[in-house]
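Written below as structure tokens is the structure these notes are about.
The values are calculated or read from the model by the stated rules, or taken from the named source; none is laboratory data. Here the structure is a predicted model, which means the values were calculated and not measured. Here the Cβ positions follow ideal geometry from the backbone for every residue, glycine too, while neighbour counts run over all protein chains shown.
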């Protein structure tokens, strides 16, 4: 028939057929499935496509597994797919979708600018990659290109190198047939092993940091010997320990500064110890909670007959002198331990696990380094098994404070004050170590699991109550997360797009 010959490329009125009732049959709209875990972003895409009769949104899903199921059920013509999805990341979802819906074209729409992520997306058989920050300008162009059998890559992708003559622009890619991949400089095996989407991979950054920390500590070790030898099986004097812990704190801060400047190229504050927040409200709230909840726990133990405060051993100026000495010592201990295991390494591994769904990138890192935190206490002579479990739990609680406050100053204050309260104020063992020149001379009675034994208050089951109350206090005072995640960039871009 005539309308088949014309293929509806010109209005029928131009051929004189409108008055005789010949109707051009409409082609079926292109069916689109939107996959993203952020509802405002899905709404932005839906409203964008709504203006075009040729595009019909037939479904919206928010996680990778559901995307595979919907693709199998609906067999859409086009799937707009995010990468950072819950349950199953977008690249793995794309692999499965290729199996269950091979005719569906897949266009990634992601905040991630990394070139190797885009390459991996194309490698699983997808048709293009749009960066969300430019989606308002590029999304429709990319959709039409993909539907015509071409490929599209956003110009804002971070290529193998800036100004690479072999790196094609999106305009060039639009002119390529579907089977052709964009030309990129081949990555060597060394690059693939060492370099990830955020620069040097976290699996290499962490050992580099610890090696650097060890090297700096080795250089400072001769200074630590000025204080003399320390026998951890005997009550520890504060003087020599103060010097050593000061040097340890200097070492970890110096090592963090080096890797921040030369490997990550980020400001020091990105790794949890911003100097402008030092000794402000977070620190003092943490300190008050540490010594206050320790006092509450010991009072409960005293009421139950498991603990006696004993007599006062120091008087006059000795209280001030030794109190300040122990306070500075434990401040350096807190900076050392918190910055070592919840500073740089927590930050880079969280970034390295950024493709994990939801907030798992942070909490997987928290569990790993809290286990390492507990393992580091194995060498303490008086530590017991329950005390090691509580060190791990305390590590998780301190990570929670980092999650909510955005830095380590609450954790540093809490850590320092708790240790100061145990060792100096109440004179109890501290993770199996006993200190000299304490204010009180206490005694413990009853079963180890109740009284704590040689581990001190941290070895008593009542420390579970103390940790729980610290966590509740953090949750009540700091209502929202302030620890920055890479996926926050996606959220901000989505919000801007939603406003546009």
Could you say whether any residue in region 275-292 is in contact with a helix residue (DSSP H, G or I) (Cβ under 7 Å, 6 or more places away or on another chain), closer than 21 Å to residue 366 by Cβ and at pLDDT below 95? yes
Wholly within region 332-426, helices (runs of 4 or more DSSP H) carrying at least 3 residues that are closer than 28 Å to residue 441 by Cα: 385-405, 409-420
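Name every residue in region 111-137 that is under 19 Å from residue 40 (Cβ atoms) and in a helix (DSSP H, G or I), in order of residue number.
132, 133, 134, 135, 136, 137
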Among (1) in the same structural domain as residue 411 (by TED's automatic domain parsing); (2) more than 25 Å from residue 473 (Cβ to Cβ) - the single one residue 278 does not satisfy: (2)
Just one of (1) out of contact with any helix residue (DSSP H, G or I) (no Cβ under 6 Å at 6 or more places or on another chain); (2) under 22 Å from residue 70 (Cα atoms) trips up residue 85, so point out which. (1)
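Filter region 238-282 down to residues that are part of a loop (DSSP other than H, G, I, E, B) and on the phi < 0 side of the Ramachandran plot and give me whichever is farthest from the chain's Cα centre (by Cα).
Filtering first and then ranking leaves 280.
Can you find, within region 103-138, the residue that is modelled with the lowest pLDDT among those that are more than 29 Å from the chain's Cα centre (by Cα) and closer than 23 Å to residue 75 by Cβ?
125
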In region 294-311, the residues that are surrounded by fewer than 12 Cβ atoms within 10 Å (Cβ to Cβ) and touching a strand residue (DSSP E or B) at 6+ places or on another chain (Cβ under 7 Å): 311
Residue list for region 72-110, filter: over 25 Å from residue 353 (Cβ atoms) and assigned to a helix (DSSP H, G or I): 72, 73, 74, 98, 99, 100
Select from region 370-387 the residues that are modelled with pLDDT of 90 or more and buried (at least 22 other Cβ atoms within 10 Å of the Cβ) and write down the one among them that is farthest from residue 484 (Cα to Cα). 373
Matching entry among 97, 79 (being within 23 Å of residue 155 (Cβ to Cβ), buried (at least 21 other Cβ atoms within 10 Å of the Cβ) and touching a residue at least 24 places away in the same chain (Cβ under 8 Å)): 79
Look at residue 260 and say whether it is in contact (Cβ under 8 Å) with a residue 40 or more places away in the chain and exposed (fewer than 15 other Cβ atoms within 10 Å of the Cβ). no
